[in-house]
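Trainee: My structure is below; once you've seen it, I'll send some questions.
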Amino acid sequence: MKLSSTKRLERLHERYMNGDLSRRTFLGLTAAAAASAGLSMPWMGRALAAVAEVRFDGWGGTVQDAIDKYAFQPYTKKTGIKVVQGTFGDENEIITKVKTSNPGDFQVVHSSGVNYYIKYVNAGMTSEINEANIPNMANVLQPMIEPFRKLTPKLSAVPYDYGTTGIAYNTTVISPEEAKEKGAALLADKKYAGKIGGYADMTTRVWYAALATGQDPNKLEDMDAIWAKVRETRDLAKKFWGSGAELMDLLSKGEIVVTDAWSGRVASLQEQGHPIGYLDPNGSYAWMEDMLILKGSPMPECEELVNFMLDPATSIAVAEGQSYPPSLDPNKVKLTEKIEKLPAYDPTGTMKALTFADPVYWADNEDAWNKQWDRISKGA
């Protein structure tokens with residue numbers, strides 16, 4: 001017996017609800033079939049309005065290569081939705097672009113955790129995620145989610161990975177024993193003048209000046225000492241780098257022998273066989289990254305993408321590829337030996353061994369400190 005158009009659409013809907021069809025395939029088939037038959041079904045509006053691509057902006061380099069290979073390409077193959085990608089070296093770049101663009105022009109950002117999340121919140125750029133559409137959030141570490149939820153009970157972002165900014169050093173020049181003994185003081189060691197590097201941003205410079213002067217980075221008491229140490233490091237440095245790719249290039253070519261550095265980029269260099277050691281001195285700067293969905297984005301598609309990225313198989317593959325631990329709770333998801341050996345990995349899932357910036361404290365001081373850092377970076 002020949003099925004009526006209505007019955008055929010109902011069966012497509014049933015297959016979709018049973019998980020036999022992807023959302024993209026279902027919406028495409030129902031839209032085409034119903035339109036040709038002149039019918040209107042409850043899901044028609046969503047089907048006809050469904051987008052064909054999602055915009056993503058991230059850090060580029062080995063990190064984005066891993067996300068593209070292990071998450072975006074399989075996602076596009078499964079759903080038919082293309083992920084259009086952009087990159088940035090400093091997240092303030094993308095914030096400026098979002099501010100001057102139309103809502104929806106930028107959609108998903110690989111963002112730098114709560115310190116930046118508060119900037120998007122204060123600028124009115126955030127969305128409200130329907131967490132029911134991201135069931136894989138159940139496997140995400142609660143200590144990573146809680147700081148975001150304190151800022152916005154209705155989340156706009158989902159934690160995805162974490163790492164530290166520790167001390168990277170060339171082991172042919174600096175021994176592990178020397179690195180451990182001197183710690184943050186290595187960044188202002190006259191012995192290595194002209195061979196020192198550092199990340200060209202205020203937060204990292206102030207944080208490591210705090211460690212070098214024996215202060216709590218989340219409760220600074222002597223800013224004169226902080227700025228004096230920042231100037232000292234500036235005068236000894238060969239270059240302050242602006243991206244992970246530049247960091248890796250400077251270290252791999254031996255142009256610098258010591259620098260504060262992102263743990264995952266150092267792990268990638270070590271995997272490539274470069275003689276680079278890594279040390280997290282007491283209080284080193286820990287951070288988490290998230291997938292932030294901006295206001296005006298196509299929410300169902302963006303939520304679907306983030307959920308796909310959080311699937312344990314996908315998240316583990318990305319983590320191994322980019323050399324940063326995933327946000328997955330090791331008490332709920334079995335992680336691999338490679339991940340367990342990554343710098344900054346917390347086997348307990350409590351995150352208590354890591355020192356994160358207090359987002360409110362740093363946001364309150366950011367404008368003034370950025371102005372001073374800008375003057376010092378220009379030679380003042």
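The values are calculated or read from the model by the stated rules, or taken from the named source; none is laboratory data. Given the structure is predicted, the values throughout are model-derived calculations rather than measurements. Here the Cβ is made from the backbone with ideal geometry for all residues, glycine too, and neighbour counts use every protein chain on show. For accessibility, only protein heavy atoms count, side chains too; no ligands or nucleic acids. Shrake-Rupley method; radii C 1.70, N 1.55, O 1.52, S 1.80 Å.
Trainee: Using the structure shown, decide if A184 is touching a strand residue (DSSP E or B) at 6+ places or on another chain (Cβ under 8 Å) and surrounded by fewer than 23 Cβ atoms within 10 Å (Cβ to Cβ).
Mentor: Taking the combined requirement at face value, the residue does not satisfy it.
Trainee: Which pairs do you get when a residue that is under 26 Å from V257 (Cβ atoms) and open to solvent by less than 30 Å² (accessible area, probe 1.4 Å), found in segment 212-239, comes within reach of a residue that is charged (D, E, K, R) and at pLDDT 95 or above, reach meaning Cβ atoms under 6 angstrom, with the pair 6+ apart or on two chains?
Mentor: That search, which allows pairs on different chains as well, returns V230/R205.
Trainee: Further question: Based on this model, can you work out whether Q107 counts as in contact with a strand residue (DSSP E or B) (Cβ under 8 Å, 6 or more places away or on another chain) and farther than 21 Å from M144 by Cβ?
Mentor: yes
Trainee: Output the number of residues of segment 240-263 satisfying the condition of being farther than 15 Å from I167 by Cα and modelled with pLDDT under 95.
Mentor: Here the count works out to 3.
Trainee: Also: Considering each residue of segment 245-256, count those that are buried (at least 23 other Cβ atoms within 10 Å of the Cβ) and more than 22 Å from I376 (Cβ to Cβ), and give that number.
Mentor: 2
Trainee: For G198, are the conditions met, namely being among the small types (G, A, S), closer than 30 Å to E301 by Cβ and crowded, with 23+ Cβ neighbours inside 10 Å?
Mentor: Considered against the rule, which asks whether it is among the small types (G, A, S), closer than 30 Å to E301 by Cβ and crowded, with 23+ Cβ neighbours inside 10 Å, G198 comes out as no.
Trainee: Moving to a separate point now. For I94, state whether it is open to solvent by less than 20 Å² (accessible area, probe 1.4 Å) and touching a residue at least 40 places away in the same chain (Cβ under 8 Å).
Mentor: Spelling it out, it is not the case that I94 is open to solvent by less than 20 Å² (accessible area, probe 1.4 Å) and touching a residue at least 40 places away in the same chain (Cβ under 8 Å).
Trainee: Name the residues in segment 346-380 that are out of contact with any Asp or Glu (no Cβ under 9 Å at 6 or more places or on another chain), of a type outside the set (S, T, Y) and under 22 Å from G166 (Cβ atoms), would you?
Mentor: Scanning segment 346-380 gives D346, M351, F356, A357, D358, P359, W362, W369.
Trainee: Further question on the same structure: Just for helices (runs of 4 or more DSSP H) wholly inside segment 284-363: which have at least 2 residues that are over 22 Å from V114 (Cβ atoms), hydrophobic (A, V, I, L, M, F, W, C) and open to solvent by less than 50 Å² (accessible area, probe 1.4 Å)?
Mentor: Ranges flagged: 312-322.
Trainee: Search segment 303-317 for residues being touching a strand residue (DSSP E or B) at 6+ places or on another chain (Cβ under 7 Å) and of a type in the set (V, I, T), and hand back the single one that is nearest to N133 (Cα to Cα).
Mentor: In this case the residue turns out to be V306.
Trainee: Quick one: how many residues across segment 98-111 are assigned to a loop (DSSP other than H, G, I, E, B) and surrounded by fewer than 20 Cβ atoms within 10 Å (Cβ to Cβ)?
Mentor: Matching residues across segment 98-111 total 6.
Trainee: Being part of a strand (DSSP E or B) and of a type in the set (G, A, S) is the filter here; which residues of segment 58-97 pass it?
Mentor: Those that are part of a strand (DSSP E or B) and of a type in the set (G, A, S): G58, G86.
Trainee: Right, here's the next one. Which residues, counting only those in segment 124-148, are open to solvent by 50 Å² or more (accessible area, probe 1.4 Å) and either in a loop (DSSP other than H, G, I, E, B) or under 27 Å from K97 (Cβ atoms) (or both)?
Mentor: Once the filter is applied, which keeps residues that are open to solvent by 50 Å² or more (accessible area, probe 1.4 Å) and either in a loop (DSSP other than H, G, I, E, B) or under 27 Å from K97 (Cβ atoms) (or both), segment 124-148 yields E128, N130, N133.
Trainee: Please work out if V54 is outside any loop (DSSP other than H, G, I, E, B) and at pLDDT 95 or above.
Mentor: It is true that V54 is outside any loop (DSSP other than H, G, I, E, B) and at pLDDT 95 or above.
Trainee: Which is among the basic types (K, R), under 21 Å from S252 (Cα atoms), at pLDDT 95 or above and outside any strand (DSSP E or B), of K191, K154?
Mentor: The conditions single out K191.
Trainee: Which of (1) without any contact (Cβ under 8 Å) to a residue 12 or more places away in the chain; (2) open to solvent by less than 20 Å² (accessible area, probe 1.4 Å) is the odd one out, the single condition A368 does not satisfy?
Mentor: With (1) without any contact (Cβ under 8 Å) to a residue 12 or more places away in the chain; (2) open to solvent by less than 20 Å² (accessible area, probe 1.4 Å) applied to A368, the lone miss is (2).
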